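Read the structure below first, then the notes.
The values are calculated or read from the model by the stated rules, or taken from the named source; none is laboratory data. Quick caveat: nothing in here was measured; it's all calculated off a predicted structure. For neighbour counting, all protein chains shown are included, and Cβ atoms are generated from backbone atoms with ideal geometry for every residue, glycine included.
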Amino acid sequence: MAVNHFSCSFIGGLLAFAAVTLTVGAQKLAGSADYVIVGGGPAGFVLAEQLSRNPKTTVVLLEAGPDAINDTNVNTPAHYPLINPQYFWNFSSQPDPNLGNNSPEMRQGRLYGGGSGVNGQAYCRGSASVFDEWAKLSGNSGLAWPSMLESFKATSHYSLQSADYEKFTNTSVFGYGPLEVSRTSGLTGFEIPFANALKLGFGLKEIDMSDGTGIGVDMGLASIYTSNRTRSYARNAFGRLIEHRPNVQMIDGAWVNKIGFNSKTAVNVTYVSAYDSKPAVFKAKEIIISAGAINTPKLLMLSGVGPKQDLSKHKIPVVADIAEVGKNLKDHYFSIFEYEVSPAIKTVWQWAFNATASEIYKAQYAKDASGPLGWDNGLVYAGIRLPDTVFDGVNGKHYTSLPKDRPHILIEYSTVPFIPKTDNISTITAWASLVQPESSGYITLKSADYRDDPLIFSNYYGTPADKRAITYGYKKLREILGRDEFKGIIKSEFYPGLTKTSEADVWTAIQNQAFSFHHPLGTVAIGKVLDKGWRVKGLKGLRVVDISTFPSPPTCHPQADVYALAHRAAQDIIKADRR
């Protein structure tokens, strides 16, 4: 789940980086394995761990990025917006006409752990009906909520840590899986007023979005270890379980550029090493692509699997003409407000850039893992369903017909400044996001050279109903942030500014500061590109398991869903391959 929730490119390289130990696995499996998994993100690590439990099954895990398990900036929760740019695929959308031809940045994780190594650590699952819909669309009954709940339990556990605030957590929906989930150990000072304003302003109650509930206010859970307040992610939660198994080989710095076929059967992968620039080939009985919603369709198309007309344009021999590869691109995208707040609110500016405060917080964290460096800073969000009347005058059937447990809008905030300012001030960014947009984009190749990024056409707010939904949610958020709960906290609105109130001004503000949540999905959807057993239709020896296979978006942050989906897929694969 490729997923840096609150990244800002302008501060991406401002923090000093700890030394990183980079290793390349020895060629202990001699160039062949039962399973070769392409992509070391949450899906890849869960698959590798599950499949290699049988000591007779050999598994190779290939990741294009480095191993950052010893990097303190990856492991320190509050550092997520300041992580080293080398840990990202620096993707951007093509100019989007819906956004006044602005180009949303769409970075994805490029390290062991994938998005789970660079994201804001939010852990939630979303509305139960989404998973029931997945089961129906895919023909795979294991994707329905009851069975997915078992996979959520199998991949995560909840760790309680004392804190000076109340938060509703449904502990019955957690099990004993490797990923640790917890609540924050402290507050920035904005959480309680924000939660109260959302509850009163929208008539909502507090919920836990991990138990299948989608509408309400969630005080937030995060993938953070309570023992030392460090990031819990795919590399250290699942990777530690497999790194010493003799039947597993983990190879980082391995950029896969082609799947090799014998007729309609996938037989090998070719990758180029980041350490010596030499190509290498691994043979496999089964290849599983887990490279994410952008790189997975790119790799399929480079290998001759995708829309024939697009492949022919780049003179790529067609192995399988599958029109849906790269289509159905969905994302959680959002538009922001930015506020100056009281210095009493603990923000990124204070712990990262204010020399006095920064030294205090560093000392706290070094002493006993306390203070804001051990927090995910600001994980409070609300799932909101809009009144049907919002869509009067446009075709709003997509929204009005969604099951009643699903929100249309997710409202959230962070202390990360999305708009650079030279002033030394504490900043809050708040936003409204479409969680199940009607419109979709697509991905295609720029060229046949694997080093070229694909072309991403985001198509944000691409229908009249999408535009109506985000405009309503955006204006409602401004109304909420003007409530009495924020007196003495919010000092000024500097984006878009209180004078920007006309319909034209509001729409321009939405367009000019629209962001990807870094949750792209759906581009190799199960039920469209894949059969119910995760195989690419019409081909043998090739499966896909990652966020690209989601038939539709979940209604909150998707990292939990990627872990669970991969666990469910692993059970399907193990069962099918035993026959």
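Hey, can you tell me all the residues within the range 463-505 that are of a type in the set (G, A, S) and touching a strand residue (DSSP E or B) at 6+ places or on another chain (Cβ under 7 Å)?
A469, G473, S492, listed by residue number.
Going by the conditions given, is N196 surrounded by 18 or more Cβ atoms within 10 Å (Cβ to Cβ), in contact (Cβ under 8 Å) with a residue 60 or more places away in the chain, among the polar types (S, T, N, Q) and more than 18 Å from D376 (Cβ to Cβ)?
Answer is no for this residue.
Here's a check for you: in the range 417-441, which residue that is within 22 Å of V217 (Cβ to Cβ) and among the hydrophobic types (A, V, I, L, M, F, W, C) is surrounded by the fewest Cβ atoms within 10 Å (Cβ to Cβ)?
A430
So L61 fits all but one of (1) in contact with a His (Cβ under 7 Å, 6 or more places away or on another chain); (2) of a type outside the set (K, R); (3) closer than 19 Å to A237 by Cβ; what number is the exception?
(1)
Taking the criterion of being surrounded by 18 or more Cβ atoms within 10 Å (Cβ to Cβ) and in contact with a Gly (Cβ under 8 Å, 6 or more places away or on another chain), would at least one residue in the range 531-539 satisfy it?
Initial filter on the range 531-539 (surrounded by 18 or more Cβ atoms within 10 Å (Cβ to Cβ)): 534-536, 539.
Those left that are additionally in contact with a Gly (Cβ under 8 Å, 6 or more places away or on another chain): none.
There is no residue in the range 531-539 that is surrounded by 18 or more Cβ atoms within 10 Å (Cβ to Cβ) and in contact with a Gly (Cβ under 8 Å, 6 or more places away or on another chain).
Looking at I510, I489, I480, I470 in this structure, which one is β-branched (V, I, T), in contact with a Gly (Cβ under 6 Å, 6 or more places away or on another chain) and crowded, with 17+ Cβ neighbours inside 10 Å?
I480
Take the residues in the range 312-344 that are under 18 Å from G260 (Cβ atoms) and under 28 Å from the mean Cα position of the chain (by Cα), then tell me which one is surrounded by the most Cβ atoms within 10 Å (Cβ to Cβ).
My answer is V325.
Which one of these does K404 not meet: (1) within 15 Å of T555 (Cα to Cα); (2) in contact (Cβ under 8 Å) with a residue 60 or more places away in the chain; (3) surrounded by fewer than 21 Cβ atoms within 10 Å (Cβ to Cβ)?
Among (1) within 15 Å of T555 (Cα to Cα); (2) in contact (Cβ under 8 Å) with a residue 60 or more places away in the chain; (3) surrounded by fewer than 21 Cβ atoms within 10 Å (Cβ to Cβ), K404 violates only (2).
Looking at the range 123-157, which of its residues are farther than 22 Å from L410 by Cβ and touching a strand residue (DSSP E or B) at 6+ places or on another chain (Cβ under 7 Å)?
If the condition is that a residue be farther than 22 Å from L410 by Cβ and touching a strand residue (DSSP E or B) at 6+ places or on another chain (Cβ under 7 Å), then S138, N140, T155, H157 are the ones that fit.
For the range 345-383, what are the residues that are surrounded by fewer than 17 Cβ atoms within 10 Å (Cβ to Cβ), modelled with pLDDT under 90 and among the charged types (D, E, K, R)?
Matches in the range 345-383: none.
Restricting the first residue to the range 428-449 and requiring it to be in contact (Cβ under 8 Å) with a residue 60 or more places away in the chain, which pairs with a second residue that is among the acidic types (D, E) and part of a loop (DSSP other than H, G, I, E, B) meet a Cβ separation below 8 Å and a spacing of at least six or different chains?
P437/D331; G441/D331; L445/D452
Which residues, counting only those in the range 464-515, are hydroxyl-bearing (S, T, Y), in contact (Cβ under 8 Å) with a residue 40 or more places away in the chain and farther than 28 Å from G189 by Cα?
If the condition is that a residue be hydroxyl-bearing (S, T, Y), in contact (Cβ under 8 Å) with a residue 40 or more places away in the chain and farther than 28 Å from G189 by Cα, then T508 is the only one that fits.
Within the set of pairs 6 or more residues apart or between chains, which connect a residue that is within 17 Å of N295 (Cβ to Cβ) inside the range 307-334 to a residue that is part of a helix (DSSP H, G or I) and not charged (D, E, K, R) with Cβ atoms less than 6 Å apart?
If the second residue must be part of a helix (DSSP H, G or I) and not charged (D, E, K, R), the pairs left are V325/P297; V325/L300; G326/P297.
Hey, does the range 120-128 have a residue that's among the hydrophobic types (A, V, I, L, M, F, W, C), part of a helix (DSSP H, G or I), within 17 Å of P553 (Cα to Cα) and touching a Pro at 6+ places or on another chain (Cβ under 7 Å)? Lay out the reasoning, then the answer.
Going residue by residue through the range 120-128, those that are among the hydrophobic types (A, V, I, L, M, F, W, C) are 122, 124, 128.
Filter once more, so that each one left must be part of a helix (DSSP H, G or I): 128.
Subset that is within 17 Å of P553 (Cα to Cα): 128.
Narrowing the set further to residues that are touching a Pro at 6+ places or on another chain (Cβ under 7 Å) leaves none.
No, every residue in the range 120-128 fails to be among the hydrophobic types (A, V, I, L, M, F, W, C), part of a helix (DSSP H, G or I), within 17 Å of P553 (Cα to Cα) and touching a Pro at 6+ places or on another chain (Cβ under 7 Å).
Here is a yes/no grid of residues against (1) farther than 19 Å from A560 by Cβ; (2) in a helix (DSSP H, G or I):
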position	(1), (2)
A78	yes, yes
L111	yes, no
F131	no, yes
S147	no, yes
A154	no, yes
E166	yes, no
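Within the range 57-102, can you find the residues that are of a type in the set (S, T, Y), touching a residue at least 60 places away in the same chain (Cβ under 8 Å) and surrounded by fewer than 21 Cβ atoms within 10 Å (Cβ to Cβ)?
T57, S92
Only one residue in G220, G214 is of a type outside the set (K, R), surrounded by 15 or more Cβ atoms within 10 Å (Cβ to Cβ) and on the phi > 0 side of the Ramachandran plot. Which one?
Sole residue among the options that is of a type outside the set (K, R), surrounded by 15 or more Cβ atoms within 10 Å (Cβ to Cβ) and on the phi > 0 side of the Ramachandran plot: G220.
Can you confirm whether the range 57-68 contains a residue that is farther than 24 Å from T270 by Cβ, over 19 Å from the mean Cα position of the chain (by Cα) and not in a helix (DSSP H, G or I)?
no
Quick one: which strands (runs of 3 or more DSSP E) sit completely within the range 197-308 and have at least 3 residues that are of a type in the set (A, V, I, L, M, F, W, C)?
248-251, 254-262, 265-273, 279-289
If you scan the range 275-292, which residues turn out to be surrounded by 15 or more Cβ atoms within 10 Å (Cβ to Cβ), under 29 Å from the mean Cα position of the chain (by Cα) and at negative phi?
F282, A284, E286, I287, I288, I289, S290, A291
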